[in-house]
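Below: the structure, in structure tokens.
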Amino acid sequence: MRRRGFFVMALTLLLGACGFQLRGTSEFPFSTIYIQAPNQQMAVGLKRYIRYGSNATVVDSPAQADVQLQVLNIATGSTPIGINPQGQPGEYDLTTVTTFQLVDAHGKVLIPPTRISLSRSLPYNVSLAQAFASESVLLQNDMIKDTVEQIIRRLEAVKSR
């Protein structure tokens, strides 16, 4: 038991020494935001992150908002990038491209239309086609989560008016 305590203490000191710290809440230069997104999963992810991890409030109407986050387009796809000796795809490149912009209540564009492109490679095996489909969905969901985090970082960088 004493060793475990020593180990935890040493690990805490090492993490502190390397500069590790929890992310904390996001500080935005606006207090209310309206989110418009064509993809329900992205809309829910953005709203959840802003509600529980920032100083801003998500509102239900653009008229109530200081700013509007408009997700203009989300495109997903998969492309075979390698073939096996039998001439079948051996690996796929999954992609998600999201375009968004941030506009204030007066119509001024704070973040012009911006693209976030993400890709992941996924091995393919004909005998495991069902597993491939499941893994593909998981990777697409992960890319949407990563996109949400990148959008949040860009919102944090907006200069106050």
| message | Taking the conditions exactly as written (farther than 30 Å from residue 29 by Cα, loosely packed, with under 15 Cβ neighbours inside 10 Å and modelled with pLDDT of 85 or more), does residue 128 satisfy them or not? | response | no
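Quick grid of which residues meet (1) touching a strand residue (DSSP E or B) at 6+ places or on another chain (Cβ under 9 Å); (2) exposed (fewer than 14 other Cβ atoms within 10 Å of the Cβ); (3) at pLDDT 90 or above; (4) not basic (Lys, Arg):
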{"position": "1", "(1), (2), (3), (4)": "no, yes, no, yes"}
{"position": "6", "(1), (2), (3), (4)": "no, yes, no, yes"}
{"position": "22", "(1), (2), (3), (4)": "no, yes, no, yes"}
{"position": "49", "(1), (2), (3), (4)": "yes, no, yes, yes"}
{"position": "64", "(1), (2), (3), (4)": "yes, yes, yes, yes"}
{"position": "67", "(1), (2), (3), (4)": "yes, no, yes, yes"}
{"position": "72", "(1), (2), (3), (4)": "yes, no, yes, yes"}
{"position": "85", "(1), (2), (3), (4)": "no, yes, no, yes"}
| Is there any pair with a first residue in region 137-161 that is closer than 19 Å to residue 56 by Cβ and a second that is in a loop (DSSP other than H, G, I, E, B) and open to solvent by less than 60 Å² (accessible area, probe 1.4 Å) whose Cβ atoms are under 8 Å apart and which are 6 or more apart or on different chains, and what are they? | 155/28; 156/28; 158/28; 158/29; 158/30; 159/29; 160/29; 161/29
| note | Reported set for region 98-118 where residues are crowded, with 17+ Cβ neighbours inside 10 Å and more than 12 Å from the chain's Cα centre (by Cα) is 100, 102, 103, 110, 111
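The values are calculated or read from the model by the stated rules, or taken from the named source; none is laboratory data. This structure is a prediction, so every number in the text was calculated from the model and none was measured. Methodologically, a virtual Cβ is constructed for each residue, glycine included, from the backbone with ideal geometry; neighbour enumeration extends over all protein chains shown. Protein only, heavy atoms only, side chains kept; ligands, DNA and RNA dropped before computing areas. Shrake-Rupley method; radii C 1.70, N 1.55, O 1.52, S 1.80 Å.
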